[in-house]
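Novice: I have a structure I would like to understand better, so I am pasting it below and will then ask my questions one at a time.
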Amino acid sequence: MKPDRSAPAQLSGIVALLLTMLLLSGCDTSPVSRLYKKTGVGKAAPRVIAVNYPLASGVKLLGDDLVQLIYPVPADVDPAYWTPDEATVLDMQRVDLLFLNGAGHESWENQVTLSPLNRAVTSLGFRDKWIKLDETTTHQHGPEGEHTHSATAFTVWLDPNLYEEQLRVIARGLQRAVEESASPAQQMEIEDRFNDAVDRLHGFNKRWDVASVKLMTAPVIASHPVYQYLASRYGWRLKSVHWEPEQTPTEEQWAEFDAMREEHPAEVMIWEAEPNAETKQQLESRNIRIVVIRPLGNGDPKNNILDDMEQNVAAFEQAVAELIELPAESTGEE
């Protein structure tokens, strides 16, 4: 009986095929393949949805490439007045983690079905600190058109102490989510980034506090009712109007503004963005200093929101410093 000389050839062919498959898999550049390689453990990076800029930036800041961040809010829409479409709701049901703000921010939440297993409301732990508003207010501006301000103030992230608590929820959620996809060393990176962020937030808190003490009891006016948590934390005497930076107030609005200042003689006015030239001229004629403190509800999650917060506190420090110098300049004192 003749030996089967084809067996070695068949075996060589199989080995060659296996080697080719291994090489091809090593060169795979698909998104899923890249996610496996990033974690280095064997499971794809968890998918995470965040519904506003403070939360999305926090996920990016702490999780970096250990997670796959999904930020569904369009760039030109305020997340507080955004409603997810059906496809986005389905994504929210399927992702590994869904971070919500709470405090009335997600007005659409009761209209959809979300899983309690993957959802984290980042402000729920300090619900006793939520600020209830006396009434809701409806008005119109921007691409969102007419909208209503919630009966609960939702811009909790502007208070650095409360944003620290939101970041803590994000950090704990991410650490649990990456247990099967990240190495222990990578998981510790989340904790390290959280601690670094807390250090910065503590610094912001001290700076806000020092500047607010210098402001003492001087009245302040805001162009929009979104600064309640800053006012509460630092003891501002704050009153708000409903003015938009791109719109010039009407004569009736100016009359109401002047009447307000008779009882609340503010020399500092906080704006979400720089007001238009005509509004700015009118305010300057009334000796009112403009300070831009961005509410930071929306933004590019690739950016670091802590840098934006630093710009806010720096702008406030400058406005307060100018206000303190005013009496000495006006009286000629040294």
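Novice: How many residues, within region 269-314, are polar (S, T, N, Q) and on the phi > 0 side of the Ramachandran plot?
Specialist: Of the residues in region 269-314, 1 are polar (S, T, N, Q) and on the phi > 0 side of the Ramachandran plot.
Novice: For region 236-334, which fully contained helices (runs of 4 or more DSSP H) count at least 2 residues that are hydrophobic (A, V, I, L, M, F, W, C) and surrounded by 14 or more Cβ atoms within 10 Å (Cβ to Cβ)?
Specialist: Counting at least 2 such residues, we get 251-263, 305-331.
Novice: Could you list all residues from region 161-208 that are part of a loop (DSSP other than H, G, I, E, B), buried (at least 16 other Cβ atoms within 10 Å of the Cβ) and not hydrophobic (A, V, I, L, M, F, W, C)?
Specialist: Ser181
Novice: Out of the residues in region 36-48 meeting the condition of being at pLDDT 95 or above and part of a strand (DSSP E or B), tell me which one is nearest to Glu165 (Cα to Cα).
Specialist: So, considering only residues that are at pLDDT 95 or above and part of a strand (DSSP E or B), the one nearest to Glu165 (Cα to Cα) is Val48.
Novice: Looking only at region 49-102, how many residues end up being part of a loop (DSSP other than H, G, I, E, B), hydroxyl-bearing (Ser, Thr, Tyr) and within 24 Å of Arg127 (Cβ to Cβ)?
Specialist: 1
Novice: Please go through region 214-247 and pick out each residue that is modelled with pLDDT of 95 or more and among the hydrophobic types (A, V, I, L, M, F, W, C).
Specialist: Once the filter is applied, which keeps residues that are modelled with pLDDT of 95 or more and among the hydrophobic types (A, V, I, L, M, F, W, C), region 214-247 yields Val220, Ile221, Ala222, Val226, Leu230, Ala231, Trp236, Leu238, Val241, Trp243.
Novice: All but one of (1) outside the structural domain of Glu106 (by TED's automatic domain parsing); (2) within 18 Å of Asp65 (Cα to Cα); (3) of a type in the set (D, E, K, R) hold for Asp209, so report the exception by its number.
Specialist: Asp209 satisfies all of (1) outside the structural domain of Glu106 (by TED's automatic domain parsing); (2) within 18 Å of Asp65 (Cα to Cα); (3) of a type in the set (D, E, K, R) except (2).
The values are calculated or read from the model by the stated rules, or taken from the named source; none is laboratory data. Just so it is clear, the structure is predicted and the values come from calculations on it, not from any experiment. Quick reminder, even Gly has a Cβ in these numbers, built from the backbone with ideal geometry, and neighbours come from all protein chains shown.
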